[in-house]
Amino acid sequence: MTFRRPPEGASMRVLRILALFAGVLSATLAGAQTSTEVLPGTTDAVQASPSMLTLPATPTLQDTTGAQPGQPGQSSQRTQQPQQAPNDESNGLLPPTPPGPGVWQSVTTPQGQKQWQFFPATPPPSEFETYVQRLANSRSIRRFGAELVTPGLRTPAAPDYSPLVPPDYLVQVGDEVAITIWGSVNADLRLVVDRSGRVSLPRVGSILLAGVRYADLPDTVSRQVAQVYKNFKLSVSLGQLRGVRVYVTGFVQHPGAVTVNALSTITAAVLRAGGPSAAGSLRNIELRRGGKVVAQLDLYDLLLNGNESADRLLQPGDVIRVGPIGPQVALIGSVNQPAVFELKPSETVADVLKMAGGFAAVADTTRLTLERLDERATTRITELQLPANDGDKLQNADVLRAFSAVDSALPMGRQNKRIHVDGEVAHPGDYVLPPASTLDDALRAAGGLTNGAFLYGTEFSRVSVQQQQQQNYERALRDLETDFARLNSTQRVSTAEDASVMTARSAATNRLIERLRAVKPTGRVVLQLTPESTTLPPLALEDGDRLYIPPRPLTVGVFGSVFNPGSYLYAPSRTVDSYLQLAGGPTRGADKNSVFVVRANGTVVSALQNSSWLGVNDKFWNQPAEPGDTIFSPEQVDKTTLVQGFKDWTQILYQFGLGVAGLKVVGF
């Protein structure tokens, strides 16, 4: 009898498909949790450093368990969990979970392989660094050498990569040897040194290479090949080098085992472990081999002098210990590299100054100040005279400060004065005068006045006065702008015509403010000379002063609201009013009571100075004009037309009539 399976329904087929998908997903995740990673430059399948992960060739997580050639079954595994992060455009993979604060970046190794490399976050400043930053008022003051372990400041390729193999390099188990033979026999071989330290060449046999210097490698191979072949030549080089596992301990960011290639040095391993921590020393790094200290590295010697003689090559099983940080001092102020420095017991003030690159170009090289932590309650700050105190020893947490010679200016009475003399003098130009020099000394230095000099119109300008005038001018403009804004906000608008007038007035006011802002004070000092003066006032000079002696003018200027503005020839018999009449007199819109005269010496004479409630008297108009005068007739600002006046009075009379009528109605 034959049994047949009953036909499946649609729901049963869906359940079978879901069960199959769950099984595939479970197998995929199980494979993703056991993957082997091979570091670039190695042939052993070893556990990768947490700072460098090899990217698979495809955007899927695969089980890539492998073994070194000749050593099957030997591999190490690690678990990586992907996290949500920006995709790498080259392969579409997400970076793994960061081991701590920091970021993963996709980089290309010298062998052309894409990898994720982890850059730890910048370690926070130590307590002493924070204290120094507060004293210097700058967050840029950091520990000297902190750039070594700051992410983004060093090349993101493998830090232990070296394109050259030194001649003294000893070939060891796991190194790859590339042998090329040509002549009577041709061969191109890439062989890995096995556990016995040998490589096997076809028809030649086994050759012992472990312990052979790289420089002696060609002779060693050639002697063995010559026992079988004649008339040949060969070339021997190293391919991929073995991986070296060392231990970095002490005060580092990530202590533990790290794997580097065989050409790596102490510095490369320390950097692979994240570098010294905030409590770790840059000057006390020991290399221990076989339980003994075989080398001590001072990174300051490498950073300051470029001396890498103590940066030894590593061997498997080496232990690198980073000691605790030593005494620290800070040098801030006017030096080339302000920083926090770690000291050795014998180092002095001069050594710290040398570490900082010396004084800046504008520094005061004769002194430093010392702020000592245990003297904050007493003297607090001590001044060190240089070079007398160059050899002084420093204590932990000392803070040295260098000063700028530019900021430390001498008193004005002890400084030489650089001035400029121009105009009607014998020798115009720039002059340097001794302290306490006056305006007359400047004239004498320039050779005195010429016959055409007009001393009454001397223009003397000063930098300090110009700066003060600029401040006062800007303050006055702000006050004027505030007054205009207050005036516009308090005016009542009753008709559309009034609104349009206010809008036009506001626009005109804004244009006036902008034009006034474009005007810059000249810094002129009014000397209050008379037309008969033959000498200048005994005014002391300042650095940057400018003195201009104009020629005798032959005209008087009339400008403003007149019918024909211009310059008119000077005549001793003419008065201010006569020059105003030469220009056609004030226009209908001129403000006749506000006419003023600017004299050649910088003083101003105004009609309002000689006015009373009856108007301007004849004293202003009948005063004689001087050569170089400028007469200005201003425009009347608040103008009211006759029609506007009648309109306003009509409204007033209308309101008054309504009030009288109302009173009559109520019986008053």
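With a Förster radius of 30 Å applied to the beta-carbon distance between ASP374 and ASP407, the computed FRET efficiency rounds to 0.55.
Multiplying the residue separation of ILE513 and SER138 by 0.36 nm and removing their Cα-Cα distance gives an extension gain of 131.0 nm. Remark on LEU238: its backbone amide H falls under 5 Å from those of ALA178, a criterion applied only to residues 5 or more positions apart or on other chains, H modelled at 1.01 Å from N.
In terms of the mean number of neighbouring beta-carbon atoms within 10 Å, the peptides 508-519, 166-177 order highest first as 166-177, 508-519. Distant-in-sequence amide contacts of VAL192, defined by a placed amide H-H separation under 5 Å and a gap of 5 or more residues or a different chain, comprise VAL177.
Placing unit charges on the Cβ atoms only, positive for Lys and Arg and negative for Asp and Glu, gives the stretch 176-238 a dipole magnitude near 140 debye about its Cα centre. When +1 charges are put on Lys and Arg Cβ atoms and -1 charges on Asp and Glu Cβ atoms, the dipole computed for the stretch 553-633 relative to its Cα centre reaches about 60 debye.
Could you tally the net charge around TYR247, taking each other residue with its Cβ under 10 Å from the Cβ of TYR247, Lys/Arg +1 and Asp/Glu -1? Taking every Cβ under 10 Å from that of TYR247, the sum is +2.
Relative protection proxy for 371-381, 208-218, from highest mean packing down: 208-218, 371-381 (other beta-carbon atoms within 10 angstrom). Label sites at THR130 and SER578, each approximated as a point 7 angstrom past Cα along Cα to Cβ, lie 8.4 nm apart. Listed from fewest to most Cβ neighbours within 10 Å, the set ASP545, ASP498 follows the order ASP498, ASP545.
Report the full-extension gain for the segment THR522 to SER200: residue separation times 0.36 nm, less the Cα-Cα distance, to one decimal in nm. Write down the numbers at each step before the final one.
On the way: separation 322, 0.36 × 322 = 115.92 nm, distance 9.25 nm.
That works out to 106.7 nm of additional length.
Percent of Cα-Cα pairs per 5 Å bin, from 0 to the last occupied bin, for the stretch 419-477, please list those. So the P(r) values, bin by bin, are 4, 16, 22, 20, 14, 11, 9, 5, 1.
Between the beta carbons of GLN468 and SER489, assuming R0 = 30 Å, the FRET efficiency works out to 0.40 to the nearest 0.05. Straight-distance candidates among the aspartates and glutamates for linking to LYS344, with alpha-carbon spacing under 17 Å and chain neighbours fewer than 8 residues away dropped: GLU286, ASP298, ASP301, ASP390, ASP392, ASP398. Net charge in the neighbourhood of GLU127 (other residues with Cβ under 13 Å of its Cβ; Lys, Arg +1, Asp, Glu -1) is +1.
Our compactness index for the stretch 176-238, the C-alpha radius of gyration over the empirical 2.2 N^0.38 Å, is 1.01. Computed from label points 7 Å out along Cα-Cβ, the spacing between ASP301 and ARG245 is 3.1 nm.
With bins 10 Å wide beginning at 0, the percent of Cα pairs of the stretch 296-401 falling in each bin runs 13, 40, 28, 13, 5, 1.
How much space per residue, in cubic angstrom, does the convex hull of the C-alpha atoms of the stretch 532-620 take up?
Given the Cα convex hull of the stretch 532-620, per-residue volume reads 161 Å³.
If you plug the beta carbon distance of SER506 and ASN622 into 1/(1 + (r/R0)^6) with R0 = 45 Å, you get a FRET efficiency near 0.65.
Ordering MET355, GLY452, ALA397 by the projection of their Cα atoms onto the charge dipole of the stretch 333-477, which places +1 on the Cβ of Lys and Arg and -1 on the Cβ of Asp and Glu, puts ALA397 at the extreme positive end.
Annotation: extensible slack from SER237 through ASN451 equals 67.7 nm (criterion: 0.36 nm per residue apart, minus Cα-Cα distance). Using θ = phi - 60° in the Karplus curve 6.51 cos²θ - 1.76 cosθ + 1.60, the 3J(HN,Hα) couplings for the stretch 577-593 round to 5, 5, 5, 5, 6, 4, 8, x, x, x, 6, 5, x, 7, 9, 5, 7 Hz; x is entered for Gly and Pro.
Bear in mind that the values in this text are calculations on the coordinates, not laboratory data. All figures in this text were calculated on a predicted structure; none of them were measured in a lab. Ideal geometry is used to build each Cβ from the backbone, glycine not excepted, and the neighbour counts take in all protein chains shown.
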